[in-house]
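Here, each number is a calculation from the coordinates, and none is a lab measurement. Model, not experiment: these values are computed from the prediction. Here Cβ is always computed from backbone atoms with ideal geometry, including for glycine, and neighbour counts include all displayed protein chains.
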Amino acid sequence: MTFERSRTVAAALYEVASSSSTNSELSARADREGMGDLTVMLTRYQSAGRGRLGRSWTAPPGAAVAVSVLLRPRFADGAAPSPDRLGWLPIIAGTAMTEAMRSVLPGRDVGFKWPNDVLVGGRKICGILAELLPAATGVVVGSGVNTRMTAEELPVPTATSLAVEGAPVDDALEDAVVAAYLVGLRDRVGRYLAAGADADASGIRIEARAACLTLGRTVDIELPDGDVLRARAVDLDVDGRLVVEGEDGVTRSVAAGDVTHVR
């Protein structure tokens with residue numbers, strides 16, 4: 001067991017030697033085993049990980065850390081937020097992971113591409129996927145962090161890892177990143193709920209704006225219907241959607257889509 005700092009943050013932590021997908025495994029077990037809020041499952045070898053839009057996510061054994069966190073958000077009175085308020089959770093996770101990465105890569109250009117890919121110097125170091133439990137009793141937020149991956153092992157030229165970025169990666173550093181991420185996620189979700197799931201009152205929206213590398217950029221957005229929208233990203237709205245201004249000067253909010261930063 002090597003993630004001892006992380007274990008002090010999680011309500012329960014399951015460190016497994018391997019998993020086909022920590023998101024799938026945690027989702028399948030969460031309600032069946034009565035797992036509570038901030039239960040964590042992680043591994044250094046995920047053989048069939050999943051990314052956004054059904055993409056696969058794989059890495060050589062030991063080269064990355066997959067972390068899935070069970071969130072069962074509740075207000076002080078025990079009520080659950082409405083589904084539209086859950087859209088901030090992946091953005092909160094992206095903001096928390098950005099902060100965790102900055103803690104081990106000081107002085108580097110770290111932020112997230114909307115909605116939740118974490119980039120270092122414009123290259124992806126972490127992807128985040130949030131999924132509602134089958135019975136809608138909670139959300140599983142999965143993160144895949146490239147830690148010890150060499151330049152030769154990177155899946156695409158637009159990816160990077162802590163090792164490639166020059167960080168002295170060992171068990172302790174991986175634990176420090178995961179622990180910092182869990183603290184940031186726990187504290188931000190707590191603030192968000194304490195403010196009645198209001199992203200402005202909780203300070204979540206202003207933090208996310210500051211960490212979001214997409215804002216101010218020209219982007220191509222592949223929409224769910226397959227169309228591609230080229231626009232300038234100008235803001236995050238109150239629901240966490242990306243506000244873009246088209247070439248015709250008209251603004252709109254985009255709830256889902258695959259974003260490419262236009263260079």
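Each peptide among 60-70, 24-34 gets the average number of other Cβ atoms lying within 10 Å of its residues, and from highest to lowest they stand as 60-70, 24-34. Simple point charges give the picture: +1 on the Cβ of Lys and Arg, -1 on the Cβ of Asp and Glu, and for the chain a dipole about the Cα centre of about 200 debye. Work from the charge dipole of the chain (Cβ charges, +1 for Lys and Arg, -1 for Asp and Glu, about the Cα centre) and give the residue of Ala179, Val69, Gly127 farthest towards its positive end. About the Cα centre, the residue reaching furthest to the positive side is Ala179.
For the stretch 119-259, the normalised intensity computed at q = 0.08, 0.11, 0.17, 0.19 Å⁻¹ comes to -0.29, -0.55, -1.22, -1.34 (log10 of I(q)/I(0), Debye sum over alpha carbons, equal scatterers, no solvent).
For the stretch 146-218, a simple Cβ point-charge model (Lys and Arg +1, Asp and Glu -1, everything else neutral) yields a dipole of about 480 debye relative to the Cα centre. Have a look at Gly190, Leu89, Thr137 and report the one farthest towards the positive end of the charge dipole of the chain, computed about the Cα centre with Cβ charges (Lys/Arg +1, Asp/Glu -1). After comparing all options, I get Gly190. Take every DSSP beta bridge whose two residues both sit in the chain; close to 85 percent of them are antiparallel. The dipole here belongs to the stretch 215-261: it is taken about the Cα centre, uses +1 on the Cβ of Lys and Arg and -1 on the Cβ of Asp and Glu, and is about 160 debye. Over all distinct Cα-Cα pairs of the chain, the Kirkwood formula returns a hydrodynamic radius of 18.6 Å. For the chain, the residue among Ala233, Ser103, Ile206 whose Cα projects farthest onto the positive side of the dipole built from Cβ charges is Ser103.
Membrane-span-like helices in the chain, defined here as complete DSSP H runs extending at least 30 Å along the helix axis by their C-alpha atoms with mean Kyte-Doolittle hydropathy no lower than -1.0, are 171-194; this is a sequence and geometry rule, not a statement about a membrane.
Rounded to two decimals, the Cα radius of gyration of the stretch 215-261 over 2.2 N^0.38 Å is 1.01.
Net charge near Leu13: determine it from the other residues with C-beta under 15 Å of the C-beta of Leu13, scoring Lys and Arg +1 and Asp and Glu -1. Neighbourhood net charge equals -3.
Considered as an equivalent ellipsoid built on the Cα gyration tensor, the stretch 1-135 has semi-axes of 23, 19, 16 Å, the largest given first.
Comparing mean-square fluctuations of Leu42, Leu215, Leu229 from a GNM of the chain with C-alpha springs under 10 Å, the top value falls on Leu229.
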